[in-house]
Amino acid sequence: MRFKNLFFDLWYRFGKPPWSIDQAQPDLIAAVEKGEVRGPTVLDVGCGDGNNAIYLAGRGFNVTGFDFSAKAISIAKQKASEEKADVTFFTLDALKIGDIDKRFDTVIDFGLFHNLSGDKRKQYVRALSNVCVRKGQFLMLCVADQAGEYPVYPNRYPPTTSQDDIRAYFSEGWKIEWIRLGVAKSSEKFDDYSAWLTSMTFTK
Ligand SMILES: C[S@@+](CC[C@H](N)C(=O)[O-])C[C@H]1O[C@@H](n2cnc3c(N)ncnc32)[C@H](O)[C@@H]1O
């Protein structure tokens, strides 16, 4: 198990991760209520313990979610079964997302992209094009450069991301529809932090 995978897995095994808020992220709920999440098929990348995926399934989307933490996926499956939510969950490293033999109308990433370092971000963005239908949507929430000291981890990890970063990483094959300042909501012991919510369309 690589270090970063272990880091996340330990959060799920021995505590309640700050981002696990027992409900979907408010910015996702708001986007669904405004009709901004296209679907009907949705892939939730870095789905964690399943709150966003389970919420989307409850709103009628056909949802698949994956995460590289086996513990997160086992919690997500348990929650989905308790809530009678029909979601397909599996374990995968997002850098291998291109191995998924299916394309989705919408791909969501709430909190994964910002964990990747520069080269891995590029690799991930390239691979994303294998799982998105043409004119499909990518909806991403990542820690914003406005966030200041990132409260969850010390030493400003993960790196914060500016709008210019987002535009640069998604400059080929993606049309950025909008970027707005949102919030990544944390559980009560932790602060919330500013995050960019970006919706883009796969143009290839
Ligand atoms: C900040 S959490 C957000 C979880 C979930 N999206 C949510 O909003 O509750 C980031 C998630 O991405 C997962 N993750 C990070 N890097 C990953 C990678 N390379 N492949 C798959 N999952 C990854 C972590 O295990 C963690 O569950």
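Descriptive notes on the structure:
- Using the Cβ-Cβ distance between residue 179 and residue 86 with R0 set to 30 Å, the FRET efficiency from 1/(1 + (r/R0)^6) comes to roughly 0.40.
- Leading residue at positive end of dipole, the chain (Cβ point charges), from 202, 116, 29: 202
- Between residue 62 and residue 126, full extension at 0.36 nm per residue minus the direct alpha carbon distance yields a gain of 20.6 nm.
- The chain - mean residue ellipticity at 222 nm from DSSP helices (-39,500 (n - 2.57) per run, n ≥ 4, rounded to 500): -8500 deg cm²/dmol
- Net charge dipole size for the chain [Lys, Arg +1 and Asp, Glu -1 on Cβ; Debye, nearest 20]: 520
- Pairs over the 30 Å Cα-Cα cut-off, from the set 102/175; 71/185; 120/175; 34/204; 79/122: 79/122.
- Cβ crowding within 10 Å averaged over residues, with 137-145, 30-38 ranked highest first: 137-145, 30-38
- Label point 7 Å beyond Cα of residue 191 along Cβ direction - residues of region 17-44 with amide nitrogen under 20 Å: 17-21, 26-27
- Translational diffusion of region 53-151, µm² s⁻¹ [Kirkwood Rh, Cα pairs; Stokes-Einstein; 10 °C; 1.306 mPa s]: 108
- Set against the 2.2 N^0.38 Å expectation for a compact globular protein, the chain has a Cα radius of gyration ratio of 0.93.
- Distance histogram for region 1-80 (every C-alpha pair counted, 10 angstrom bins, percent rounded to whole numbers): 19, 50, 25, 6
Every number in this text was worked out from the coordinates using simple rules, so none of it is lab data. Remember, predicted model here, so these are calculated numbers, not experimental data. With ideal geometry, Cβ positions are generated from the backbone for all residues, glycine too; neighbour counts draw on all protein chains shown.
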